[in-house]
Each structure stands twice: as C-alpha cells, then as structure tokens.
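Asks: Please read through the structure below; I'll follow up with questions.
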Amino acid sequence: MSDPNPSMTAEPPRTDESLVTYTHVIYALHALSVVMGLATAHTIVGSFIGGLPSIVAVIMNYVRRPAVRGTFLESHFRWQIRTFWYALLWSVLIVLVSLPFMLIIIGFGMAWVGLVALGAWIAYRVIRGWIALRDRKPMYT
C-alpha cells in the first residue's frame, strides 16, 4: 500500500556537502575579519564591515544563495548576510548618535562603548553560527 500522506514522511532536502564546505569558508572569512580587528589597529567593526574578507564573504553569500534554498544552510546564509548588514547599520547609527556629543568630549566615549559592544555582538554571531554549522543545525534569527 502507498502512504496516503507522502508529505508527512518526506525527508528534508539533501544538502550538498560542497555547499556545507562553502558555508564553512564564509564563516572563516568573517572570523578572519574579527581576528584582524583584534590583532591590528582596526576595530572588529571596522575590519568586519570594511575589510576585504567579510566583503568577499557577503558577495559569496549572495552568489550561492539560490543553491541553498530549502536546506538548513539557507538559515546560515541569512544569518551571515544579516550580521553584515546590521553591523553596518548599527555602526553608522552609533557614529551619528555620538557625533554631536563629541563637541563636549563624551561622544568619543559613547562611540567607543557602542563600537566595542557591536564588535562583541559580531564576534558572538560568527562564533554561534559557525558552531551551529559544525553541528549541522539551522540558525533561527
């Protein structure tokens, strides 16, 4: 007898192993940007949004995004893309908010605290995402 409801027993789409490796490379590029921000005169934020490794990683996300549609990797691509764009957005907002206060000196401290917190958030997202990928779990945003 055939199963009356095949959608209930359908397996999730198989994931191409080369795409899993590809996603690991993207996380490695983002992690390289974080390490460059820690090891050089740049900040994590500056290195992440302005550094070549992360820019290349985001381009790689957009190029292969259609190939991961319907797999658990789609959530990782979304996670990586959002991390980049939200980091860019928040860095601009931090600078814009603290800029007027720089006239009375406290703006420099505000900007520094905001950018350090944003850098920690970026590092957290890269680490959390890469660990979930290693465990073959989707990212819930």
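Asks: Within region 37-46, track down each residue that is farther than 17 Å from residue 89 by Cβ, in a helix (DSSP H, G or I) and either among the small types (Gly, Ala, Ser) or modelled with pLDDT of 95 or more (or both).
Replies: Of region 37-46, the ones farther than 17 Å from residue 89 by Cβ are 37-42.
If we keep only those that are in a helix (DSSP H, G or I) as well, we get 37-39.
Residues satisfying the conditions are 37, 39.
Asks: Let me ask you something else. If a residue must be at positive phi and touching a residue at least 24 places away in the same chain (Cβ under 8 Å), how many such residues does region 98-136 contain? Full working, then the answer.
Replies: Quick first cut of region 98-136, residues at positive phi only: 105, 136.
Checking the rest, the ones that are also touching a residue at least 24 places away in the same chain (Cβ under 8 Å) come to 136.
Residues flagged as at positive phi and touching a residue at least 24 places away in the same chain (Cβ under 8 Å) within region 98-136 amount to 1.
Asks: Within region 126-136, does at least one residue satisfy the condition of being within 18 Å of the chain's Cα centre (by Cα), under 25 Å from residue 39 (Cβ atoms) and modelled with pLDDT under 95?
Replies: No, region 126-136 contains no residue that is within 18 Å of the chain's Cα centre (by Cα), under 25 Å from residue 39 (Cβ atoms) and modelled with pLDDT under 95.
Asks: Additional query: Yes or no: region 60-70 includes at least one residue that is among the β-branched types (Val, Ile, Thr) and touching an Asp or Glu at 6+ places or on another chain (Cβ under 9 Å). Full working, then the answer.
Replies: Going residue by residue through region 60-70, those that are among the β-branched types (Val, Ile, Thr) are 63, 68.
Cutting the leftovers down to touching an Asp or Glu at 6+ places or on another chain (Cβ under 9 Å) gives us 68.
Looking for residues that are among the β-branched types (Val, Ile, Thr) and touching an Asp or Glu at 6+ places or on another chain (Cβ under 9 Å), one finds at least one in region 60-70, hence yes.
Asks: Being at pLDDT below 90, part of a loop (DSSP other than H, G, I, E, B) and surrounded by 14 or more Cβ atoms within 10 Å (Cβ to Cβ), is that true of even one residue in region 16-30?
Replies: There is no residue in region 16-30 that is at pLDDT below 90, part of a loop (DSSP other than H, G, I, E, B) and surrounded by 14 or more Cβ atoms within 10 Å (Cβ to Cβ).
Asks: Looking at region 99-134, which of the residues that are among the aromatic types (Phe, Trp, Tyr) and within 21 Å of residue 20 (Cα to Cα) is surrounded by the most Cβ atoms within 10 Å (Cβ to Cβ)? Even if it seems obvious, please write down each step before you answer.
Replies: Taking region 99-134 first, the residues among the aromatic types (Phe, Trp, Tyr) are 101, 108, 112, 121, 124, 130.
Then drop every residue that is not within 21 Å of residue 20 (Cα to Cα), which leaves 124, 130.
Details: 124: 12, 130: 19.
Step by step, filter region 99-134, then rank; the result is 130.
The values are calculated or read from the model by the stated rules, or taken from the named source; none is laboratory data. Everything numeric in this text was worked out from a predicted model, so none of it was measured. With ideal geometry, Cβ positions are generated from the backbone for all residues, glycine too; neighbour counts draw on all protein chains shown.
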